[in-house]
Structures are given as C-alpha cells and as structure tokens.
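One structure below.
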Amino acid sequence: MIVARTIAKAFKAIEKAEGAGAKVRRSVGTSQLKNFSPFLMLDHFSVGSEAGFPDHPHRGQETITYLLHGSIDHEDFAGHKGTIHPGDLQFMTAGRGIMHAEMPGKNGDGSPNVGLQLWVDLPKHLKFCEPRYRDLAAKEIPTVTIDNEKVFIKIISGTSHGVDSVRDLAYTPVWILDVTMKPGAKLEQPLPKGWNAFAYTLKGKAAFGADGEKRVGEFYNVVFEQEGDGIVVATDDNAEEDAHFIIIAGQPLDQPVIQYGPFVLNTEEQVYQAMLDYQTHSNGFERAKHWQSEIGKRMTGR
C-alpha cells in the first residue's frame, strides 16, 4: 500500500488551432496549469499531411515528442534528421539555440498524425548547453503487466513495479509511463517524493485518487499534490472500454521562468538577447543564416 497523492485539480484540454494547420489540445502551458515546474507545455496534437511545424527556433528548453499514430519527420540546422513512428519518441535539447522543422507524414487512409509533445525546462546551468537529439524506438521501451494482466505499462522513463526504463533521455529528471487499464483494474504507482506529477487521459474513463475521488474521461489533465508516495488509479468493473493515459512526473526546478514563444530563459534580458541572437544569427544561431529545411519546403513550395 502507498500513501496516495490527492488531486489538486482536473480539467479538460480544449482543442485549438496551432502552427500551420495543426490542431492541439494544450493542458500544461494554459491558464489552468502554467509553469508547473519543470513542465512548460503539453500539447496533444493532430496534424494532417498538409499541415505541420516548418522551420522555427528554440532556446533554453527540451522537447519530448511521443507519437501515437502516423509518422513525423524532423530536421535541424545541425544536420540531424529522421522519422518517428507510432510508439517512438524523440528528445530534443535546444540548449543555446537550434532551428528545426517537424512535419507530418501522409497516411494512406488520410488520417491525421497524432501524438504528444512535452516541453521541459532546463536547469539554469544548462540553458546554454550544446543542442542534441536522441530517439527512442517503440521496440526499445520496456513494459510490465500487473493486476492479473489487467494493467499494461510502457516504461518510457522512470521505474514501475520493478522494471526500469532503458536510459535517461532528458537532462531534467522526468518519468513518463504509458498506462492501459482494462475494466475492473487497479494501479498503485509510486513516484519520487517532492516531484510534480500529472496524468493526461487519452481514452476511456478512470478514477484517480485513493477513494476514486476524481473520475474523468478522455482529454483530461489530472494534477496531483506533491505530498504522498504515488498515485492510485482504478477502472470500473462495467467500463465499456479500456482506459489509456500517460503519467508524467518531474523534479521541480527552483528558478524563474521567462518565456517568449520558443525562447525559455531565466531573465527578461536573456529573452531579449535570444531574440537578438536569432535575428543576427549569432551566439548559437550562426547556422540559421542560410539554412532551410528540406521537409519544410513541403509547405513553402521552395
């Protein structure tokens, strides 16, 4: 038995337009949940092949992209490029500066490409580190099944029921668990003490809290208080479908967050400098001067 964390709040993520023709349900990074350290943003995105996120810069954060359906191509000005497919992840550290593009693939059935993108703050001493990419293939992710095979967990990062993830892929300590629960199932998931944590629901209904204090359906963000050993989740015996959700926890950073679009720093002066550096192609953005991604040309036609 664990001492279950109580629910701080739960709210539904509303779908809005974002980027060039994309649709997102944003939960972290809204008035409902802003700068929930170390988390800056969580987007549940849906993009067709005619939409996407063409060439754009970043500084000062990490992004974690988890694909659920379709494919996403990525390319940056340092020569990194590749494609992720369902169940794959891409971890990007922007550090001192990067310019990249993320463009969806074209599915034979015309369906959109769907996934989650999480923005994680970087500790102040790593804000200006060199940018880097890491990919994690679906086949590399360890899994565990509990409660008489009624609970299935993909351990993207962190630990669950004696199984550890492959490796740490972000500079800021973050746990990501992908959970599917059949009807009549129960999960007790320990989490590191003092870390901020939430769950984002993708499908079905589940009750969060020791006494099922909050029952929610799809597209809800359930935010937990810091006190407690972990979280407890249950599904009804007569549930019509499986519940599918992501548990995310991270170590809070004791530092100010000043954000202007894709630039996330600790002071206003650093943000102004980031904009100047990007405009003048300096201090990390030198390679942006004459760079244009190949995949971004799908939208520009050039």
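The values are calculated or read from the model by the stated rules, or taken from the named source; none is laboratory data. Keep in mind the model is a prediction, meaning the values are calculated, not measured. Virtual Cβ from ideal backbone geometry, glycine too; neighbours counted across all protein chains shown. The protein model used for the area step is the full one, side chains on, heavy atoms only, and it has no ligands, DNA or RNA in it. Shrake-Rupley method; radii C 1.70, N 1.55, O 1.52, S 1.80 Å.
If the condition is being assigned to a strand (DSSP E or B) and out of contact with any Ser or Thr (no Cβ under 7 Å at 6 or more places or on another chain), then segment 85-96 contributes 91, 93.
Among the listed residues 227, 294, 241, which satisfies the condition of being under 30 Å from residue 51 (Cβ atoms), assigned to a loop (DSSP other than H, G, I, E, B) and at pLDDT 95 or above? Please lay out each step first, then the result.
Details: 227 fails: under 30 Å from residue 51 (Cβ atoms); 294 fails: at pLDDT 95 or above.
Answer to the check: 241.
Can you say whether residue 60 is open to solvent by less than 40 Å² (accessible area, probe 1.4 Å) and on the phi < 0 side of the Ramachandran plot, as far as the supplied structure shows? The answer is no for residue 60.
Scanning segment 216-255 for residues that are touching a Phe, Trp or Tyr at 6+ places or on another chain (Cβ under 8 Å) and hydroxyl-bearing (Ser, Thr, Tyr) yields a single hit, 220. Annotation: of all residues in segment 1-60 being among the acidic types (Asp, Glu) and more than 19 Å from the chain's Cα centre (by Cα), the one that is modelled with the highest pLDDT is 55.
Within segment 257-285, the set of residues being surrounded by fewer than 14 Cβ atoms within 10 Å (Cβ to Cβ) and in a helix (DSSP H, G or I) comprises 268, 269, 276, 279, 280. For segment 1-29, filtering for residues that are surrounded by fewer than 16 Cβ atoms within 10 Å (Cβ to Cβ), free of Cβ contacts under 8 Å to residues at least 24 places away in the same chain and of a type in the set (Val, Ile, Thr) leaves 1. Counting just the residues of segment 189-216 that are open to solvent by less than 20 Å² (accessible area, probe 1.4 Å) and assigned to a loop (DSSP other than H, G, I, E, B), which one comes out nearest to residue 244 (Cα to Cα)? Of everything passing the filter in segment 189-216, 204 is nearest to residue 244 (Cα to Cα). Restricting attention to segment 245-256, the residues that are in a strand (DSSP E or B) and out of contact with any Asp or Glu (no Cβ under 6 Å at 6 or more places or on another chain) total 5.
Identify all residues within segment 158-178 that are polar (S, T, N, Q) and open to solvent by 10 Å² or more (accessible area, probe 1.4 Å); write none if there are none. Residues satisfying the conditions are 159, 165. Taken residue by residue, segment 204-226 has no member that is touching a residue at least 40 places away in the same chain (Cβ under 8 Å), of a type in the set (Gly, Ala, Ser), in contact with a Leu (Cβ under 8 Å, 6 or more places away or on another chain) and on the phi < 0 side of the Ramachandran plot. Just to be sure I understand the filter: pairs with C-beta atoms under 6 Å, separated by 6 or more residues or on different chains, first member in segment 254-276 and farther than 14 Å from residue 126 by Cα, second member open to solvent by 70 Å² or more (accessible area, probe 1.4 Å) and not in a helix (DSSP H, G or I). Which pairs pass? Final answer for the pair search is 271/260. Of the set (1) in contact with a helix residue (DSSP H, G or I) (Cβ under 9 Å, 6 or more places away or on another chain); (2) buried (at least 18 other Cβ atoms within 10 Å of the Cβ), all apply to residue 53 but (1).
Restricting segment 258-302 to residues that are among the small types (Gly, Ala, Ser) and under 25 Å from the mean Cα position of the chain (by Cα), which is nearest to residue 93 (Cα to Cα)? First the steps, then the outcome.
Initial filter on segment 258-302 (among the small types (Gly, Ala, Ser)): 261, 274, 282, 284, 288, 293, 296, 301.
If we keep only those that are under 25 Å from the mean Cα position of the chain (by Cα) too, we end up with 261, 274, 284, 293, 296.
Values: 261: 16, 274: 16, 284: 13, 293: 18, 296: 20 Å.
Across segment 258-302, the extreme among qualifying residues is 284.
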